[in-house]
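Scroll down for the structure; my scribbles are underneath it.
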Amino acid sequence: MKKTARKKSRATKVKGRQPKRRVPAPKATKAKGPPAKRKAVRRSAEDRLQELRQRLLEISDLGAVGSVLGWDEATYMPTGGSAGRGRQSATVSRIRHERAIDPALGRLIDSLTRHAESLPTDSDDATLVRVARRDYEKAIRVPADWVERSNKHGSASYDAWTRARPADDFATMRPYLEKTLALSREYAGFFKPYDRIADPLIDMADEGMTTASIQKLFADLRRELVPIVRAITAQPIADDRCLRGTFREQPQLAFSLDVAARLGYDLDRGRLDKTHHPFCTRFGAGDVRITTRVREDDLGDALFSTVHEAGHAMYEQGVAAALDGTPLGGGVSAGVHESQSRLWENVVGRSRAFWEHFFPALQRLYPDQFQGVALDTFYRAINKVERSPIRTDADEVTYNLHVMMRFDLELDMLEGRLAVKDLPDAWRARMQADLGLEPADDRDGCLQDVHWYYGGIGGGFQGYTIGNILSAQFYAAAVKASPGIPSEIAAGEFKTLHGWLTNNLYRHGSKFTPDDLIERATGEPMTMRPYLAYLRGKYGELYSLPAAA
Ligand code: ZN
């Protein structure tokens with residue numbers, strides 16, 4: 001999951017609104033007058049930039065405080081802490097929102113606009129003023145009381161979900177989800193006028209995208225993907241028994257963390273803990289944490305979710321230190337973020353080259369399970385394509401169908417075509433239509449993902465598929481620049497790939513819009529071409545598909 005479900009939930013990402021406090025308003029600056037005065041104006045622009053950085057740092061710090069509370073809530077907090085934590089998170093979010101919508105901040109940004117326009121467009125300062133304005137203008141539309149209510153509700157709903165899911169108890173979650181839907185609709189309402197109610201929710205996660213642009217993207221991808229899924233699922237399912245068995249927890253955690261560190265996750269600035277639903281969270285440039293979950297009967301869960309979260313974390317750790325504590329100091333969008341988790345998890349971590357290096361170590365770790373298992377058998381097992389009711393268990397080929405289904409169901413709820421009470425049935429019907437199977441219960445149906453029970457409804461899922469598409473596009477661009485990358489991976493070396501990603505993506509943080517960043521890094525706008533070529537190449541070989549499939 002991108003950042004934490006919470007950290008990037010709209011409740012905390014949207015900075016708050018609210019004013020009341022009296023801060024002396026900086027005077028608007030106009031660069032005019034005799035040279036001596038102009039000099040004074042320039043100096044004062046520096047002073048005001050300094051004040052802006054200070055105010056944004058405070059907002060960033062309050063955000064990090066909220067993230068620490070959220071991380072603790074999802075890892076070590078005893079269940080009895082839920083009500084108090086919900087209140088504490090809500091308080092911090094409200095205070096942060098108050099700072100973010102302080103009219104004095106707005107005046108300060110106004111007063112810096114002319115100065116920013118005189119700087120090179122791509123300079124850190126010019127970008128900072130631009131992004132601060134964008135964030136401020138969004139934040140002031142959202143009332144502080146919504147932020148507080150939404151946070152409090154998010155904590156209560158998450159707490160209930162951690163018990164309701166194992167108990168297969170949708171009835172308990174229904175009123176929570178109805179309130180979440182109402183809060184999401186209310187949030188979208190702050191951004192009227194819009195074409196579609198999901199547009200503001202999507203734009204918050206993936207700037208520049210809309211309901212219409214995603215529907216087109218998904219329709220195009222679906223057209224290409226469905227024949228591939230059909231061709232593969234018509235064949236015998238790959239044998240993945242070698243991944244089932246008994247794998248003690250501690251060695252799994254140690255191996256997963258070792259792999260993450262080899263890829264480039266800096267453990268002096270990170271750590272790994274256990275949770276219900278894995279996530280990555282950033283407290284600052286020096287502390288980017290990941291979480292995972294472990295199943296002793298299934299080797300893949302902890303390993304691949306750790307590599308996935310390490311992908312998110314390497315992105316955050318790679319942001320230029322100069323951007324830390326500003327709105328530029330973090331990954332740019334859900335889709336670009338997810339492209340990094342997917343790139344490391346799938347394109348690298350599920351490649352044959354990667355396991356040429358790491359499989360012998362895994363065999364030594366679990367000799368009983370892997371003695372006599374060929375690399376090829378293991379490679380086929382970790383890339384098994386099978387229609388599954390669970391999104392997080394889904395393979396690379398069917399995964400996007402899970403995302404498209406959630407996107408459509410969210411839209412149906414937001415636009416009033418689907419009532420929350422009818423969600424379990426709608427879920428089953430859509431699973432049947434898309435994947436030809438039904439979940440045995442709601443636990444593996446509409447209760448399976450944390451998103452709706454923690455963050456909100458709308459805007460939370462499209463980033464996964466955008467990420468899949470971009471993961472292949474970025475990787476192809478990196479290999480084009482450095483054709484030796486695949487053979488380095490086979491030798492357990494990742495520096496060239498990690499370096500290319502740092503230079504072309506990570507260090508920029510949120511300086512550029514997602515569209516700009518993609519074009520700068522790959523030389524073209526987002527395109528499905530490399531992703532389809534990747535799927536056809538890899539799965540064509542694994543399943544001997546005809547070239548046209
Ligand atoms: Zn993710």
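Worth pointing out:
- Cα-projected label distance for Ala234 with Ala167, points at 7 Å along beta-carbon direction, nm: 4.7 nm
- Extension gain, Ala219-Glu519: 0.36 nm per intervening residue step, less the Cα-Cα distance, totals 105.7 nm.
- Per the Debye formula on identical point scatterers at the alpha carbon atoms of the chain, with no solvent, log10 I(q)/I(0) at q = 0.08, 0.09 Å⁻¹ is -0.52, -0.66.
- Computed with the Debye formula from one identical point scatterer per Cα of region 216-255, without solvent, the log10 of I(q)/I(0) at q = 0.17, 0.30 Å⁻¹ comes to -0.68, -1.00.
- Over region 47-120, all Cα pairs binned in 5 Å intervals from 0 give whole-percent P(r) values of 3, 14, 20, 17, 12, 10, 8, 7, 5, 2, 1, listed from short to long.
- Ranked from largest, the principal axis spans of the Cα set of region 425-549 equal 49, 42, 28 Å.
- Gap separating the Cα centres of region 381-420 and region 321-371, nearest whole Å: 22 Å
- Per residue, the convex hull spanned by the Cα atoms of region 133-228 amounts to 143 cubic angstrom.
- Largest to smallest accessible area among Thr162, Thr210 [probe 1.4 Å]: Thr210, Thr162
- Surface exposure of the chain, expressed per residue as accessible area with a 1.4 Å probe, stands at 40 Å².
- Of all aspartates and glutamates in the structure, those lying under 14 Å Cα to Cα from Lys538, and not within fewer than 8 positions of it along the same chain, are Asp376, Asp395, Glu396.
- Listed cross-link partners Lys216/Lys384; Lys384/Lys480; Lys152/Lys421; Lys138/Lys179; Lys192/Lys216; Lys179/Lys274 are compared with a 26 Å cut-off, the Cα-Cα value being larger for Lys216/Lys384; Lys384/Lys480; Lys179/Lys274.
- The long axis of helix 35-75 is offset from the longest Cα principal axis of the chain by roughly 40 degrees.
- With a 1.4 Å probe rolled over the protein heavy atoms of all chains, the accessible area of Val147, Val373, Val65 falls in the order Val65, Val373, Val147, largest first.
- For region 487-528, the calculated P(r) over all alpha carbon pairs, in 5 Å bins from 0 to the bin holding the longest distance, is 5, 22, 23, 18, 15, 12, 4 percent.
- Overall dimensions of region 189-288, expressed as equivalent-ellipsoid semi-axes from the Cα gyration tensor (√(5λ), whole Å, largest first), are 36, 29, 12.
- Rounded accessible area of Phe247 (nearest 10 Å², 1.4 Å probe): 0 Å²
- Projecting the Cα atoms of Ala90, Ile214, Ala231 onto the charge dipole of the chain, computed from C-beta unit charges around the Cα centre, puts Ala90 farthest toward the positive end.
- Rounded Å value of the spacing that divides the Cα centres of region 130-151 and region 243-274: 37 Å
- Taking the Cα centre of the chain as origin and assigning +1 to Lys and Arg Cβ atoms and -1 to Asp and Glu Cβ atoms, the resulting dipole is close to 2500 debye.
- In this structure, the amide hydrogen of Gly458, modeled 1.01 Å from its nitrogen in the peptide plane, lies closer than 5 angstrom to no residue at least 5 positions away or on a different chain.
- Dipole check for region 425-480: with +1 at the C-beta of Lys and Arg, -1 at the C-beta of Asp and Glu, and the Cα centre as origin, the magnitude is about 380 Debye.
- Angle in degrees between helix 249-263 and the longest Cα principal axis of the chain, rounded to the nearest 10: 60 degrees
- Computed on the Cα atoms alone, the convex hull of region 380-464 gives a volume of 94 cubic angstrom per residue.
- Dividing the C-alpha radius of gyration of region 318-425 by 2.2 N^0.38 Å, with N its residue count, gives 1.52.
- Relative contact order for region 55-191: 27 percent, from Cα pairs under 8 Å spaced at least 6 residues apart, divided by residue count.
- Computed log10 I(q)/I(0) for region 247-370 at 0.10, 0.14, 0.19 Å⁻¹: -0.31, -0.58, -1.01, from the Debye equation with unit scatterers placed on every C-alpha and solvent omitted.
- Per-residue ³J(HN,Hα) for region 504-511, Karplus 6.51 cos²θ - 1.76 cosθ + 1.60, θ = phi - 60°, Hz, x for Gly and Pro: 8, 10, 4, 5, 6, x, 9, 5
- Rg [Å, one decimal], Dmax [Å, integer] - region 110-156, C-alpha atoms: 15.6, 48
- All C-alpha pair distances within region 154-193, sorted into 10 Å bins from zero, spread as 30, 42, 20, 8, 0 percent across the bins.
- The angle separating the long axis of helix 124-139 from the principal Cα axis of greatest extent in the chain is about 90 degrees.
- Relative frequency of Cα-Cα separations exceeding 25 Å in region 50-191, percent: 41 percent
- As a length-normalised measure over Cα pairs under 8 Å and 6 or more apart, the relative contact order of the chain settles at 19 percent.
- Label zone at Asp145 (point 7 Å along Cα-to-Cβ), backbone N below 20 Å, region 89-104: 89-103
- Modelled spin labels at Glu386 and Asp297, positioned 7 Å past Cα toward Cβ, are 1.3 nm from each other.
The values are calculated or read from the model by the stated rules, or taken from the named source; none is laboratory data. Every value quoted in this text rests on a predicted model; they were computed, and no experiment measured them. So basically every Cβ, Gly included, is an ideal-geometry build from the backbone, and we count neighbours across all protein chains shown. With ligands, DNA and RNA removed, areas are computed over all heavy atoms of the protein, side chains included. Shrake-Rupley method; radii C 1.70, N 1.55, O 1.52, S 1.80 Å.
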